[in-house]
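The values are calculated or read from the model by the stated rules, or taken from the named source; none is laboratory data. These figures come from a predicted structure and were not determined experimentally. Note that we place each Cβ from the backbone using ideal geometry, even for glycine, and neighbour counts take in every protein chain shown. Only protein heavy atoms, including side chains, enter the accessible area calculation; ligands, DNA and RNA are left aside. Shrake-Rupley method; radii C 1.70, N 1.55, O 1.52, S 1.80 Å.
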Amino acid sequence: MGARSKKSLGDLLVQEKIITLDQLAKVKKNISRSKGLTLTEALVHNGILQESEMTKFLSKHHRVPAIDLNVFEIDPNALALVPRTFCEKNLVIPVQKAERSLVVAFADPSNIYLKDDLSLLTKCKIEIVVAPESIIKSAIDRYYGQQSVLSNLSSEIEEQEDAFSSDNLSIESIQGSNDIESEPIIKFVNATLKEAINMRASDIHIEPYEKSFRIRFRVDGSLIEKVKPPLGSAAAIVSRIKILSKMDITEKRRPQDGRIKIRLKGGKSVDFRVNSIPTLYGEKIVMRILDQKALQVDLTKLGLEDEDLKILRRCMSLPQGMILITGPTGSGKTTTIYSALKELNLPEKNISTAEDPIEYNIEGINQVQINSQIGFDFPMALRAFLRQDPEIIMVGEIRDLETAQIAFKAATTGHLVVSTLHTNDTISTVSRLIDMGIPNYMVAETISLIVAQRLLKTICFKCIEEFTPDKQTLLDLEIPEKDLHLYQTLRRGRGCDRCNYTGLFGREAVYEFLPVTRTLKEGVMSGLPQSELKKFIIQKDGLKTLRQKALIKLRNGITSIDQVLNVTVGDDIID
């Protein structure tokens with residue numbers, strides 16, 4: 001690296017005309033004001049340089065390769081040579097050990113004295129690679145975090161274990177735990193459950209493979225790898241969860257369902273719906289986290305536009321008819337339905353629900369769990385409901401013609417029926433029901449409202465910034481030329497510790513509302529094909545599609561361009 005490495009990183013950037021002297025002076029002021037802020041963080045924070053650009057420059061200037069730590073699997077033997085505190089202080093992480101050489105990822109390869117310190121510390125020849133600063137920090141948390149949990153589990157998680165109720169987490173032994181003692185496994189599982197709650201995860205995935213074993217959390221719809229326990233601990237961890245879920249730990253060939261209920265300090269209760277399934281290399285466990293207090297069941301807080309909220313409440317007030325909520329798995333249908341039921345849940349109303357499974361308990365509503373193993377399915381539950389004198393019936397999902405027929409019969413005989421379908425949009429729901437075998441006239445006369453929805457990730461408020469998108473990007477979103485001026489200034493997240501450097505934090509629903517009007521009835525009765533029916537409704541009734549609704553949230557600075565493109569489908573059928 002020679003003499004030029006003695007120059008500071010800021011001087012190098014100015015010398016190579018990556019930044020100006022004025023820009024360097026500006027970020028140095030920020031660094032002096034914000035204790036602990038690095039040069040890279042200051043440059044990124046001020047929008048002067050992207051972190052990836054910094055990494056590319058350092059790699060080229062110092063003639064060292066760049067490495068993607070999100071893909072590269074770090075060698076545990078390398079980690080053992082350098083303490084975590086050293087890595088955090090100097091923004092480095094060892095990645096690979098080969099004989100007397102140690103490959104170390106640097107955020108700033110210009111620090112030649114750091115290379116000497118590492119050589120003295122590890123007694124190895126140091127080979128430098130470069131990686132983004134934020135990725136190194138994330139890797140330190142991930143890899144050293146999992147090391148501490150697994151190497152000294154009892155002491156590391158002792159405080160966290162106290163947060164759990166002894167009612168469900170007090171089992172002393174675990175069958176199948178041959179390689180690791182039961183006590184560390186108990187603490188590890190407890191810590192995993194609490195960490196998932198703290199991270200606002202909706203699911204925990206516990207997955208064994210041929211040569212590895214990993215645990216992932218689904219946060220805001222995306223899976224994040226949290227930890228990779230030793231492969232030998234897989235059977236013990238799975239057995240512990242199956243015991244807590246009251247599953248048969250001797251049955252490893254068939255899927256099983258179970259449930260865990262824990263109580264945290266302060267009286268908060270959280271349920272975990274657990275499912276196991278046999279895979280090639282062992283049982284995979286998925287745990288759905290059902291946090292009653294985290295469930296947002298308030299129609300006014302779901303992101304509905306005022307006009308849509310009025311339409312929904314008007315249809316909810318009808319004495320009979322059908323309201324259908326549609327969308328793929330994980331699009332927030334359950335939250336929308338529970339929010340509607342909570343508002344309908346009055347002393348003078350008899351409400352019955354058939355669910356598979358029951359995710360949340362609602363006081364005052366008669367919730368029935370479907371059990372197909374004994375033949376108790378949706379049609380049987382619906383028939384029973386009709387003899388229970390209900391005003392409102394909720395069917396978890398219309399999956400087949402028999403369920404649809406009974407639901408439509410109930411909706412035409414003095415009952416308000418609320419249900420879900422897995423369809424792409426509102427118009428395709430009409431086509432799906434007709435394809436199932438429901439007559440056109442019954443679809444047209446019975447349904448009051450169809451709602452299609454998706455969940456859009458929202459921009460992190462901590463790192464939000466404004467920017468000007470290029471024209472082609474806006475045209476790719478199918479924004480008409482005449483409306484481009486409305487999108488000249490948009491928002492995005494730069495990425496920070498709060499949002500795990502994604503720029504996105506949390507989710508908000510986007511809705512497509514299709515009230516059944518005279519126009520829609522006319523189109524359905526005339527047998528228009530799906531594409532023609534959609535065009536007809538847009539032209540006659542001004543239907544606002546999911547894409548159009550998502551663009552409103554983009555314009556209002558709620559979500560990002562990528563989310564609009566990835567979550568909603570364009571309206572290319574419109575002339």
Going through the range 350-359 in order, the residues found to be open to solvent by 10 Å² or more (accessible area, probe 1.4 Å) and touching a Pro at 6+ places or on another chain (Cβ under 6 Å) are N350
Unmet requirement for V510, which otherwise passes all of (1) crowded, with 20+ Cβ neighbours inside 10 Å; (2) farther than 24 Å from E307 by Cβ; (3) among the β-branched types (V, I, T):
(2)
What are the residues in the range 384-394 that are in contact with a Ser or Thr (Cβ under 7 Å, 6 or more places away or on another chain) and either at pLDDT below 95 or not in a strand (DSSP E or B) (or both), if any?
F385, Q388, P390
Filter result for the condition that a residue is among the β-branched types (V, I, T) and crowded, with 19+ Cβ neighbours inside 10 Å, over I362, I337
I337
Condition first: part of a loop (DSSP other than H, G, I, E, B) and within 22 Å of L13 (Cβ to Cβ). Now tell me which residues in the range 71-127 satisfy that.
L91, A107, D108, P109, S110, N111
Looking for something open to solvent by 20 Å² or more (accessible area, probe 1.4 Å), at pLDDT 90 or above and within 26 Å of the chain's Cα centre (by Cα) - is there at least one such residue anywhere in the range 514-524?
no
Here the qualifying pairs (Cβ atoms under 6 Å; residues six or more apart or on different chains; first in the range 348-370 and free of Cβ contacts under 8 Å to residues at least 12 places away in the same chain; second open to solvent by 10 Å² or more (accessible area, probe 1.4 Å)) come out as I358/Q367; I358/Q369
Exclusive hit being open to solvent by less than 10 Å² (accessible area, probe 1.4 Å) and either touching a residue at least 40 places away in the same chain (Cβ under 8 Å) or within 29 Å of the chain's Cα centre (by Cα) (or both), set I438, I427, I459:
I427
Residue count for the range 371-397, restricted to those that are farther than 16 Å from M322 by Cβ and open to solvent by 10 Å² or more (accessible area, probe 1.4 Å):
13
For the range 462-496, which residues satisfy the criterion of being part of a loop (DSSP other than H, G, I, E, B), within 25 Å of the chain's Cα centre (by Cα) and touching a residue at least 60 places away in the same chain (Cβ under 8 Å)?
L477, R494, G495
(1) part of a loop (DSSP other than H, G, I, E, B); (2) open to solvent by less than 40 Å² (accessible area, probe 1.4 Å); (3) over 30 Å from I260 (Cβ atoms): which one isn't true of L318, the others all being true?
(2)
Residues in the range 406-424 that are free of Cβ contacts under 8 Å to residues at least 40 places away in the same chain and surrounded by fewer than 17 Cβ atoms within 10 Å (Cβ to Cβ): how many?
1
Among the residues of the range 20-47, write down those that are modelled with pLDDT under 80 and assigned to a loop (DSSP other than H, G, I, E, B).
S34, K35, G36, L37, T38, N46, G47
Between residues in the range 239-268 that are part of a strand (DSSP E or B) and residues that are among the basic types (K, R), which pairs lie under 6 Å by C-beta distance while being six or more apart or on different chains?
G258/K246; R259/R273
Out of A201, A234, I need the residue that is assigned to a loop (DSSP other than H, G, I, E, B) and crowded, with 16+ Cβ neighbours inside 10 Å. Which one?
A201
